[in-house]
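Worksheet: one structure, shown below.
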Amino acid sequence: CPPQDDPELFRFDLARYPLWLAAGAGHPLTGERHLSLDDLRRFPVPQVPSPLFPNTSRHFAALGLAGPALRARCYDPADWEGRTGDGVTLAYATPFNLACHPELHQLDSEPLLINGVSLVVQRDHRDQPAIQALREQLLRRLEALQCRLPTLERLA
């Protein structure tokens, strides 16, 4: 997302939510309590393509969840979304994909990061009625999701 002081773009932050790791029912970490990063690092994770998600890639590398030895496994939604691949590889989990994939089990650990939902518009159009109506509609939809997704935090 562009910074709030971007001269051309304006960002309406709408919501934020955690990103965890998840596993299938038979995974050794499923059901374990209070997992640490060291526990999570014992298992492979899909690699996020750094050209598309540079900040996330740097963050995961700092957590020890990415690096040259792990680059061979690259994140592809067709391969990983809602699955743990080989039964050992962990999956990324948001409130949205956990709701869509009940076979995934959120691991009992701290979130890897807090992600967000934003509406980005040209700065000179931010006060236009159509943009404000879109923003309000998106906020209503997010609010409706909150009852099913309690870790989704509506911001505005």
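The values are calculated or read from the model by the stated rules, or taken from the named source; none is laboratory data. Since we're looking at a predicted model, the values are computed, not measured. In this analysis, Cβ positions are derived from the backbone assuming ideal geometry, glycine residues included, and neighbour counts consider all displayed protein chains.
Quick one: is L14 at negative phi and touching a Leu at 6+ places or on another chain (Cβ under 7 Å)? Don't jump to the end; show me each part of the working.
Details: at negative phi: yes; touching a Leu at 6+ places or on another chain (Cβ under 7 Å): yes.
Taking the combined requirement at face value, the residue satisfies it.
When the residues of the stretch 1-28 are filtered to those that are in contact with a His (Cβ under 9 Å, 6 or more places away or on another chain) and in a loop (DSSP other than H, G, I, E, B), which remaining residue is surrounded by the fewest Cβ atoms within 10 Å (Cβ to Cβ)?
Start the filter on the stretch 1-28 by keeping residues that are in contact with a His (Cβ under 9 Å, 6 or more places away or on another chain), which leaves 10, 22-25, 27.
Narrowing the set further to residues that are in a loop (DSSP other than H, G, I, E, B) leaves 24-25, 27.
Details: G24: 19, A25: 11, H27: 20.
Only one residue tops the list, namely A25.
Condition check ((1) surrounded by 17 or more Cβ atoms within 10 Å (Cβ to Cβ); (2) at pLDDT 95 or above; (3) not in a helix (DSSP H, G or I)) across all residues:
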{"site": "A72", "(1), (2), (3)": "no, no, yes"}
{"site": "V88", "(1), (2), (3)": "no, no, yes"}
{"site": "P102", "(1), (2), (3)": "no, no, yes"}
{"site": "S109", "(1), (2), (3)": "yes, yes, yes"}
{"site": "A130", "(1), (2), (3)": "no, yes, no"}
{"site": "L138", "(1), (2), (3)": "yes, yes, no"}
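Please find, among L149, L98, the residue that is part of a loop (DSSP other than H, G, I, E, B) and either buried (at least 16 other Cβ atoms within 10 Å of the Cβ) or in contact (Cβ under 8 Å) with a residue 12 or more places away in the chain (or both).
L149
What pairs can you find where one residue is in the stretch 114-133 and under 20 Å from L19 (Cβ atoms), the other is of a type in the set (S, T, Y), and their Cβ atoms are less than 9 Å apart, with a gap of 6+ or different chains?
Correct list of pairs: I114/Y17; N115/Y17; N115/T56; N115/T94; G116/Y17; V117/Y17.
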